[in-house]
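Encoded as structure tokens, the structure appears first; notes follow it.
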């Protein structure tokens, strides 16, 4: 098995979801729940995040926060399409 520090993001996500876990496939529910809660947080704080970004309060950002929030919304929709 490849050392986790050498894995790509795709490989690591697959490792989290399918690699050995003491509780078996329950880990998949944990990862999805945490992902969904994180997305919910960003989406619920959307206006504050974008306002903070527009006012330049974070200095130079390497991430376009409008794209970040949009990515959160798209990912949340994909999860809802699958599990709703």
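Just so you know, all these numbers are worked out from the coordinates, no wet-lab data involved. On a predicted model such as this, the values are computed, not experimentally measured, just so you know. Positions of Cβ are backbone-derived with ideal geometry, glycine not excepted, and every protein chain shown enters the neighbour counts.
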Rounded to the nearest Å, what's the spacing between the alpha carbon centres of the stretch 1-19 and the stretch 50-84? Just the number, please. 25 Å
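As a test of the formula, what do you get for the chain when each DSSP H run with n ≥ 4 contributes -39,500 (n - 2.57) and the sum is divided by the residue count, at 222 nm and rounded to the nearest 500 deg cm²/dmol?
Working: 4 runs with 57 residues, N = 84.
The helix contribution divided over the chain gives -22000 deg cm²/dmol.
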If R0 is 25 Å, what FRET efficiency do you get for residue 34 and residue 83 from their C-beta distance, rounded to 0.05? 0.95
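Please state the shape class of the chain: rounded when a/c is under 1.5, otherwise prolate if a/b exceeds b/c and oblate if not, all from the C-alpha gyration tensor.
Taking the square roots of the gyration eigenvalues as a ≥ b ≥ c, the chain is oblate.
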